[in-house]
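J.: Structure provided below as structure tokens; questions to follow.
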Amino acid sequence: MPFEALPDRWPLVYSSGMQILLGKHIILGVSGGIAAYKAAELVRRLRDAGATVRVVMTTGAQAFVTPLTFQALSGNPVHTALLDPAAEAGMGHIELARWADLVLIAPASANLISRLAQGRGDDLLATICLATEAPIALAPSMNRVMWADAATQSNIEILQTRGMHRFGPAEGPQACGEVGEGRMMAVSELVERSAGLFLHQRLAGRRVTITAGPTREAIDPVRYLSNRSSGRMGFAMAEAAREAGATVTLIAGPVHLPTPPGVERIDVVSAAEMLAAVQSGIAMTDIFIAAAAVADYRPVRVAKDKIKKSDATLSLEMARTEDILATVASRAERPFCVGFAAETHDLADYARDKLERKQLDMVAANDVSQPGIGFDSEDNALLVLWRGGEKHLARARKTELARHLITLISERLSSR
Ligand SMILES: Cc1cc2nc3c(=O)[nH]c(=O)nc-3n(C[C@H](O)[C@H](O)[C@H](O)COP(=O)(O)O)c2cc1C
């Protein structure tokens, strides 16, 4: 499903071009409850959200839905057996446990919850739960009396104190004809809650200011000088910083991008306006990320009226604009400063020079001469440098790179 087609009611799964579950490996564990048929829909919705899904079924689950259904929907073989040499020769229990970014068990039967609470390894799903380092989320589903039973309540409490996540159950009419608490949480909500597990709060309590996009330097009332920056990288950084728990101000040049949810946006046009907007809030900022492609020069004189076509050539006298990043980095009380460097050659040398010359804390450099990355495209590849270290972030969507970069920033910040 294209990004645009994902419903609004999934704000965590999809927001402003960002898919939290994109590329995530999810093991969907299905145990023997009547809601097993709903897990078929869950596979589809997780895949719509960009995840790769492998289904592991208990023996009980196979009495309700066939493995063939899940194989067809997930596009992967279904895993059912633990003590089976053929299965182990393929993707065995340890490999599956390592492969997963998340183990989501929906429905989680009372029996499975009890087996997990005992730490048993008596089938493939229970063994994967013991062997994985990925988060485990349970969506209990059972008759309301089974759910209220003291044994079930004590088992689920044990699992939660061990760090497993519980999604639901919901209240309402049940397959057995009763009404109460015990229904499996709605599929859309399970997808949403799964996405929520991937949102880190590394920058909780931090204030982040980000510049993005190009600037426009006026020549006359209808003409300007600008550049090809789309603003995507800066907007992706704003989104990733917000998801990491920061309070984010995004100072944007003229771009056609929606504001990421929860982000304060200030629109500016020229380099001078961008500098003024940055300076007005910089004293409160913990992290300053300069992702904008700010014009280095501006016309000295802006013509009051439209310049008429007359001579064969036209000369513009240009003056340097103020370097916003250098201005911020030279403050006595300065935030953690991150610069971007767009270069066409000698990437590492220019980036290292920028880091030292402007006394930055980090530089993210990209080679804009490479086709398909950098300016105006969805993808990028970055060489990230700081004093005493560097990391290559291979070609990926800007949204994904932004999340990696925010992680690197938060690590450097905490080691400062
Ligand atoms: C028709 C039918 C429906 C059932 N529905 C549920 C259910 O919704 N939740 C549950 O915990 N157990 C339910 N059970 C009982 C489980 O299937 C049984 O405890 C089974 O051993 C669970 O195995 P598992 O842990 O391998 O999934 C149901 C049994 C039957 C016969």
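Values quoted throughout were computed directly from the atomic coordinates according to the rules given, and no laboratory measurement underlies them. On a predicted model such as this, the values are computed, not experimentally measured, just so you know. Because the Cβ atoms are built from the backbone with ideal geometry, glycine has one as well, and the counts that use them run over all protein chains shown.
J.: For the chain, give the magnitude of the charge dipole about the Cα centre (Cβ charges: +1 Lys/Arg, -1 Asp/Glu; no others), in debye to the nearest 20.
T.: It works out to roughly 580 debye.
J.: Just to be sure I understand: if I project the alpha-carbon convex hull of the chain onto a plane and average over all orientations, what area do I get in nm²?
T.: 25.6
J.: How far apart, in nm, are the 7 Å Cα→Cβ label points at R228 and I94?
T.: For the pair R228/I94, the computed spacing is 4.9 nm.
J.: Under the classification rounded if a/c is under 1.5, otherwise prolate if a/b is larger than b/c and oblate if not, where does segment 229-288 fall, given a ≥ b ≥ c as square roots of the Cα gyration tensor eigenvalues?
T.: It comes out oblate by the Cα gyration axes.
J.: In which sequence would T80, T344, T327 go, from the one with the fewest C-beta neighbours within 10 Å to the one with the most?
T.: T344, T327, T80
J.: So if R0 is 25 Å, what FRET efficiency would A319 and Q279 give, r being the distance between their Cβ atoms, rounded to the nearest 0.05?
T.: 0.80
J.: Suppose every K and R has +1 on its Cβ and every D and E has -1 on its Cβ; what is the size of the dipole of segment 3-196 about the Cα centre, in Debye to the nearest 20?
T.: Computed charge dipole of segment 3-196: roughly 60 debye.
J.: Can I ask one more? Roughly speaking, what is the stretch gain from E133 to E390, that is 0.36 nm per residue apart minus the C-alpha to C-alpha distance, in nm to one decimal?
T.: Full extension from E133 to E390 adds 89.8 nm.
J.: Which order results if I158, I406, I136, I94 are arranged by neighbouring Cβ count within 10 Å, fewest first? Don't skip to the answer; put the middle values down first.
T.: Working: I158 16, I406 27, I136 22, I94 13.
Fewest to most other Cβ atoms nearby, the residues stand as I94, I158, I136, I406.
J.: If you count the DSSP beta bridges with both ends in the chain, what percent of them are antiparallel, to the nearest 5? Could the numbers behind the result be given before it?
T.: Working: 21 of 63 bridges.
Roughly 35 percent of the beta bridges in the chain run antiparallel, per DSSP.
J.: Here's a follow-up. Find the centroid of the Cα atoms in segment 111-183 and in segment 344-406, then give the distance between the two in whole Å.
T.: Measuring centre to centre over Cα atoms gives 45 Å.
J.: Working out 0.36 nm times the residue gap between I307 and S154, then minus their Cα-Cα distance, what length gain in nm do you get to one decimal?
T.: On the way: separation 153, 0.36 × 153 = 55.08 nm, distance 7.98 nm.
Length difference between fully extended and current span is 47.1 nm.
J.: Report the Cα-based extents of segment 75-138 along its three principal axes, largest first, to the nearest Å.
T.: Between the extreme Cα coordinates on each principal axis of segment 75-138 lie 30, 23, 21 Å.
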